[in-house]
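Read the structure below first, then the notes.
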There are 2 protein chains.
Amino acid sequence: MCEENNWEVFVLRLGHRPERDKRVTTHVFLAARAFGACGAFYSGQRDEGVERSVKKVVETWGGNFTVQFIEDWIAKIREWRKNGGEVIHLTMYGLPLNEVIQKIRSSNKDKLIIVGGAKVPKIVYELADWNVSITFQPHSEVSALGVFLHELYMGKELNKTFENAKIGIIPQERGKMIVRTRS
Amino acid sequence: MCEENNWEVFVLRLGHRPERDKRVTTHVFLAARAFGACGAFYSGQRDEGVERSVKKVVETWGGNFTVQFIEDWIAKIREWRKNGGEVIHLTMYGLPLNEVIQKIRSSNKDKLIIVGGAKVPKIVYELADWNVSITFQPHSEVSALGVFLHELYMGKELNKTFENAKIGIIPQERGKMIVRTRS
């Protein structure tokens, strides 16, 4: 996960439209955080509501997950690669997850994972080191990202703990148990 | 998957609100379909737009995935159990996925997987056979469902084929290749 590997994982969410994507983009960011990414970038239109929602989760549930709006996402991808990182684009048109995940996992490069919005520009397929499909069916960038990170971290993210959490959960067969871990 | 196991999987999405949840609920249903469930039920408010979106995907991409609105979801859960099925509620407060998935996988009972909306009524925790957490962090019902089904089917769903698809995808390192499989 973020703090525990030699490499870092960030997510890049393309083409955010506040009205239409508000909740799905928030879910993308929260899934990124829960499944072990260090932070996320997004392009499209700035949305302070989404940023605030994620910040509030981080303040309550801990960790250092960050969200940053970027104007020029092509420059961000190029910069990432120039700095030695690799770029993984999740798309239903790419290579099957199980054919590539082992190579991606063992590469030791920082990973930028791109998830698109409605229409992904062609150049993304060219700029990415890996175009990876999570099933060959239409579904959701949220489930694609969750399953990709789950495979990348081989399930270890399921027990990840987050530093400086105000509250935590004690697993229960039924009902909820929440404990305050600091004020 | 749906047609290939002794047991069937359906998803129950609680408390749908058309305005707010339109896209997330659609993503829940598409993830359910892509990751091998047979169909879904939902409660809350009827939303023909969401039903149409999913139907269109099924017509194009194949399979028999169905979506059905139900008024009385408590009766549905009770009926499911009465008919010998088991009920799995995905919640961040439940037991860890890796502690329970093997038992759920090997039970041979039809599985109804419940994913909640904003506020899940207490009775769900009581009615469910299993309350299962996919990480102990807040994220998304879409990523929770994707990862749960991925583990339930042990990754075999990634290569699932859908009968009567009009189009299909040929995996590519770069770009898109779509083939028409029938008119």
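The values are calculated or read from the model by the stated rules, or taken from the named source; none is laboratory data. This structure is a prediction, so every number in the text was calculated from the model and none was measured. We place every Cβ from the backbone using ideal geometry, glycine too, and count neighbours over all the protein chains shown. Protein only, heavy atoms only, side chains kept; ligands, DNA and RNA dropped before computing areas. Shrake-Rupley method; radii C 1.70, N 1.55, O 1.52, S 1.80 Å.
What the table shows:
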item	result
Sequence-distant residues sharing a close amide H with A:G39 (under 5 Å, placed H)	A:V11, A:T66
Per residue accessible area in Å² of region B:116-183, where ligands, DNA and RNA are left out and the probe is 1.4 Å	47
Those aspartates and glutamates that a straight Cα-Cα span of less than 12 Å connects to A:K166, excepting residues fewer than 8 apart in one chain	A:E59
Contact order normalised by residue count of chain A, Cα under 8 Å, 6+ apart, percent	26
DSSP bridge orientation in the protein assembly as shown - percent antiparallel, rounded to nearest 5	10
Assigned charges on the beta-carbon of Lys, Arg, Asp, Glu; chain A dipole about Cα centre (debye)	460
Normalised contact order of region B:78-157, rounded percent, pairs of Cα under 8 Å and 6 or more residues apart	42
Relative contact order computed over region B:111-183 (Cα-Cα under 8 Å; 6+ residues apart), in percent	17
Other-chain or far-sequence residues with amide H under 5 Å of A:T135's (modelled H)	A:L97
Loss of accessible area when A meets B, both sides summed, Å² nearest 100, probe 1.4 Å	4800
Rounded to whole Hz, the Karplus (6.51, -1.76, 1.60) HN-Hα couplings of region A:142-155, x for glycine and proline	6, 5, 4, 5, x, 5, 4, 5, 4, 6, 4, 8, 6, x
MRE, 222 nm, helices only [DSSP H, n ≥ 4, -39500 (n - 2.57), over the protein assembly as shown, to nearest 500]	-11500 deg cm²/dmol
For B:G62, distant residues with modelled amide H under 5 Å away	B:K166
Pairs from A:K22/A:K55; B:K55/B:K82; A:K156/B:K103; B:K111/B:K156 whose Cα-Cα separation, in the structure shown, is over 24 Å	B:K55/B:K82
At least 40 Å² of accessible area lost relative to the chain alone, listed for region A:107-145 with a 1.4 Å probe	A:Y125, A:T135, A:F136, A:Q137, A:P138, A:H139, A:S143
Reduction of at least 20 Å² in accessible surface, 1.4 Å probe, comparing all protein chains with the chain by itself, residues of region B:68-95	B:M92, B:Y93, B:L95
Average silhouette area of the protein assembly as shown, convex hull of alpha-carbon atoms, in square nanometres	17.1
Stretch gain in nm, segment A:R17-A:N83, where the contour uses 0.36 nm per residue and the Cα spacing is subtracted	20.9 nm
Cα lying deepest toward the dipole's positive end in the protein assembly as shown, options A:V179, A:I114, A:I70, charges on Cβ	A:I70
Interatomic Cα distance distribution for chain B, bins of 5 angstrom, percent	1, 8, 17, 20, 21, 16, 9, 5, 2, 1
Drop in accessible area of at least 10 Å² in the complex versus isolated chain, residues of region B:24-42, 1.4 Å probe	B:V24, B:H27, B:L30, B:A31, B:R33, B:A34, B:F35
Where region A:1-85 is the region considered: accessible area per residue in Å², 1.4 Å probe	47
